[in-house]
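Below is one structure, written out as structure tokens, with a few remarks after it.
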Amino acid sequence: MSDPTENDVLRCGQINMAHFERLIEGLGMTVVWVDEGEAIPGTHWGEPEAGLIGDRLYLRGDTPVHSALHEAGHFACMDASRRERLHTDAGGTAIEECAVCYLQIVLAQELPDVGSARMQHDMDRWGYTFRLGSAREWFEHDAEDARAYLVERNIIGAMRWAAERGGSGS
């Protein structure tokens, strides 16, 4: 990951966390706040990245929103067996990783002070890489496999997201 001091990304302490916590609770998770200066349990990439242990998402005010949504996306994509063993490393396949990236953009749409455009911007700033060069281009033109993964698992609805993207839902 990139050096967080070099990147202008939205942090959890900068958004309405009541909206965020409701969104995360809807995924079956609990947000656990970590005090400034304290270690973040379960962080795979190191601080200030979000931590993930079981159904708990660990955050500090300086945790990037994209990181929090990414880890929550991993949880949403897991089956019950993986969730039971979940500690720090979400694991998963390459297509699941793509689906998680897609899902974090979709989830960002549900947060009034984030949105998909800001999420895509922050993903680019942080150093996510996509074949088409940017999160936006990937999401709009090259993410059908990721979307299909999420639809097949009933994580997102085919008709709703297709309508928002101007597609047919099939």
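The values are calculated or read from the model by the stated rules, or taken from the named source; none is laboratory data. This one's a predicted model, so the numbers in the text were calculated from it and none came from an experiment. FYI the Cβ positions are ideal-geometry reconstructions off the backbone, even for glycines, and counts take in every protein chain you see. These accessible areas exclude ligands, DNA and RNA; they are computed on the full protein's heavy atoms, side chains included. Shrake-Rupley method; radii C 1.70, N 1.55, O 1.52, S 1.80 Å.
Longest segment of the chain with no trypsin sites (Lys or Arg not before Pro) in a DSSP loop having at most 15 other Cβ atoms within 10 Å? With a cap of 15 other Cβ atoms within 10 Å, the longest stretch comes to 1-130.
If I take all pairs of Cα atoms in the chain, what percentage of them are more than 27 Å from each other? Before the final figure, lay out each step's value.
Working: 2717 of 14365 pairs.
Across the chain, Cα pairs with separations above 27 Å total 19 percent.
Restricting the GluC sites (Glu not before Pro) of segment 34-94 to loop positions (DSSP other than H, G, I, E, B) with no more than 11 neighbouring Cβ atoms within 10 Å leaves GLU36, GLU38.
What value, in deg cm²/dmol to 500, does the helix sum -39500 (n - 2.57) over DSSP H runs of n ≥ 4 give at 222 nm once divided by the residues of the chain?
Values: 8 runs with 80 residues, N = 170.
Only helices count here, giving -14000 deg cm²/dmol.
With a 1.4 Å probe and all protein chains left in place, how much accessible area per residue does the chain have, in Å²? Numbers along the way, then the final one.
Numbers: 8170 Å² over 170 residues.
That works out to 48 Å² for each residue.
Expressed as a whole percent, the accessible surface of segment 90-149 that belongs to carbon and sulfur atoms is 51, based on a 1.4 Å probe.
Extending 7 Å from the Cα toward the beta-carbon at both HIS141 and ARG153 defines two label points whose distance is 2.7 nm. For THR43, the residues 5 or more places off, or on other chains, whose built amide H falls under 5 Å of its own are LEU52.
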